[in-house]
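Participant: Before I ask anything, let me first share the structure, which is written out below as structure tokens.
Every number here is computed from the coordinates shown, using simple stated rules; none is lab data. Given the structure is predicted, the values throughout are model-derived calculations rather than measurements. In this analysis, Cβ positions are derived from the backbone assuming ideal geometry, glycine residues included, and neighbour counts consider all displayed protein chains.
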Amino acid sequence: MADTDQLRVRLVSPDRILVDQTATAVEVPSSSGYIEVLFGHAPLLAAIGAGEVRLHGGESDGQRYFVARGFVEVLPERVTILAEVAEKPEEIDSGEAQKELQHGQELWNDAGEEAEKYDQANQVIAEAESKLASSGRSAAGSHS
Amino acid sequence: MANVLDLRRRIRSVKNTRQITRAMKMVSAAKLRRAQERAITSRPYAAMLASVLESLKRRIEIVDPDTGEVRHPLLKTREEKRILLVVVSGDKGFAGGFNTNIIKATTHFLGSNDGKEIDVEAIGRKGRDLFRRRYPAARFQEIESHDGHAPRPERQRSSQIEVIGDHPGLLEKLSFDAARELGEEIVDRYVHEEIDAVYIVYNEFKSVIQQRVVVERILPIIEFGRHEITESQEMSAEERARAAEAALTAGVSLQPGEAEADIQEFEDEAKKFGTAEVDYIYEQKPREIFDAILPRYVTSQIYHALLESVAAEHAARMTAMDSATNNAGEIIDSLTLTMNRVRQAAITREIIEIVSGAAAL
């Protein structure tokens, strides 16, 4: 197989470089919905929301990562994802995520009439929920 | 003259001390290796943030063409009347001049900014304890809410310099989340115009033999990807030689390792991140992306400073403990010499007594 149609994917968090591999397709949770990137995609820059980065094909086939708060740069042959939070689903502490969710709900209840606080609370909730979803899927996958 | 028994006791005690300092040195060396790795692996992220901001800056109008004002609050410069100074020291002592140098640099900064209102935010127990004794803590007055909007608490300033915030254990288990909380708080205060500038004092760590105490401006941001260092204190040649010697005996390499070379390559590439000469499709408006990234840039700068400071602290402790171990060795040598001399003298005296006693018979 010609490796000319392989994307070079990088996932970088403040602490380390999690992924530096090739893939044929990458799913990225942009803040306005998932986008799938194939080789030759037009250059794109987007903020990412809480969700999962999924890699398909190449060296990194089948890998998934939970990410939040970051952005992605797409070039025709390269995808670079920068995220403040980036974890493997099996590394997620679901108890901790549950606590975060509760904390978010408390924030939401206490927000009063301030739009800013609501946004903040919603963000915490969204992050915790997708974190839980991500870890849940991994647990279900390992049992089957 | 001291007797042999006393000297023997002292030698034993110094030997025990030497064992402790040697153990501390090896522990610091191990911790240093880990801290060094963390500091290095965090570089690409920071470099990428800086380069993407730089590239976005060219695509949006930062300065409002009508009023000539900067649009983003974090880029706005104001006259420096109220300054926030973040002081990063260590949690523990036994690290040679590490904490002293930080405190000296801070004191110097406070002295040269006389007449301004300065808040000292101390991270690390050593600095916190000292500045708390020296300056009063900041007090805030909660204001009753009138219209559903909770107003920001009102500051009750009683002194030119006050200590603000408390972060116990932040350095011990340094995580990005902790740095983020700190960063968000600082950004929040800056945006609400409670402070006009933010500086950070910390030990910059380039390698075991290249460290310096720096005062760096974090806010307002003038240029991306550059450390706005306003003051710095380099290591002396003597300190450097001692550090190199300590590193050698502790098995810490001075040369950049393979992992570091990889990162270096990555970092070079990171600088190109987001700067390709193509027209990007922006999922969101460039301005929105820019606004979202800017506060993160501040956080990443703070995180970077904290990581470097932790690595520098371990390096300083390793060097200090190496000197202590060497000094203990010297003391042991000189005490052993004295002890042998004393013992010899006693024997000689006894022989003379016996001989002269025999001659008198």
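Participant: Partner chain Cβ atoms within 10 Å, averaged over the residues of B:295-306 - can you pull that number for me? If you can, show how the numbers build up before the last one.
Facilitator: Details: counts 0, 6, 0, 0, 2, 3, 0, 0, 3, 1, 0, 0.
The shielding value for this peptide is 1.
Participant: Select from chain B the helices, each a whole stretch of DSSP H, whose alpha-carbon atoms run 24 Å or more along the helix axis and whose Kyte-Doolittle mean is at least 0.0; answer none if there are none. Intermediate results must be reported in sequence, preceding the final value.
Facilitator: Working: long enough: B:4-41 (56 Å, -0.61); B:43-59 (25 Å, -0.15); B:286-360 (109 Å, 0.17).
Qualifying helices: B:286-360.
Participant: What's the magnitude of the charge dipole for region B:1-58 around its Cα centre, counting Lys and Arg as +1 and Asp and Glu as -1 at the beta-carbon? Answer in Debye, nearest 20.
Facilitator: On the way: 15 positive and 3 negative charges, 72 e Å.
Computed about the Cα centre, the dipole is about 340 debye.
Participant: Which FRET efficiency value, to the nearest 0.05, is calculated for B:GLU231 and B:ASN326 with the Förster distance at 35 angstrom and r the Cβ-Cβ distance?
Facilitator: Values: r = 32 Å, r/R0 = 0.92.
With a Förster radius of 35 Å, E is 0.65.
Participant: Let me ask something else about it. Across chain A, what fraction of all alpha-carbon pairs, as a whole percent, falls in each successive 10 Å bin from zero upward?
Facilitator: Histogramming chain A at 10 Å steps yields 12, 38, 31, 15, 4, 0 percent.
Participant: A further question on this structure: Counting only DSSP beta bridges with both residues in the protein assembly as shown, what percent are antiparallel, rounded to the nearest 5?
Facilitator: Values: 53 of 76 bridges.
Close to 70 percent.
Participant: Can you tell which of B:TYR282, B:TYR297, B:TYR202 shows the greatest fluctuation in a Gaussian network model of chain B with Cα springs below 10 Å?
Facilitator: Result for chain B, Cα springs under 10 Å: B:TYR282 fluctuates most.
Participant: Pick out, from A:GLY40, A:SER135, A:VAL28, the residue whose Cα sits farthest towards the positive end of the charge dipole of chain A, with +1 on the Cβ of Lys and Arg and -1 on the Cβ of Asp and Glu.
Facilitator: A:GLY40
Participant: Using only Cα atoms, find the angle between the long axis of helix A:94-110 and the longest principal axis of chain A, and express it within 0 to 90 degrees, rounded to the nearest 10.
Facilitator: It works out to around 50 degrees.
Participant: How big is Rg to Rh over the protein assembly as shown, alpha-carbon atoms, Rh as the Kirkwood inverse-mean-distance radius? Spell out each step's value before the answer.
Facilitator: Numbers: Rg = 29.1 Å, Rh = 26.3 Å.
My calculation puts Rg/Rh at 1.11.
Participant: Please get the size of the charge dipole for region A:3-87, origin at its Cα centre, with Cβ charges of +1 on Lys and Arg and -1 on Asp and Glu, quoted in debye to the nearest 20. Write out the running numbers ahead of the final one.
Facilitator: Values: 7 positive and 13 negative charges, 40 e Å.
Charge dipole, region A:3-87, about its Cα centre: 200 debye, nearest 20.
Participant: If you don't mind, another one. I'd like the FRET efficiency for B:GLU80 and B:ASP333, computed as 1/(1 + (r/R0)^6) with the beta carbon distance as r and R0 of 45 Å, rounded to 0.05. Present the calculation step by step, with values, prior to reporting the outcome.
Facilitator: Details: r = 55 Å, r/R0 = 1.23.
My answer for the efficiency is 0.20.
Participant: Where does the protein assembly as shown land at 222 nm, in deg cm²/dmol rounded to the nearest 500, when only DSSP H runs of n ≥ 4 count, each adding -39500 (n - 2.57), divided by all residues?
Facilitator: Values: 10 runs with 244 residues, N = 505.
Helix-only estimate at 222 nm: -17000 deg cm²/dmol.
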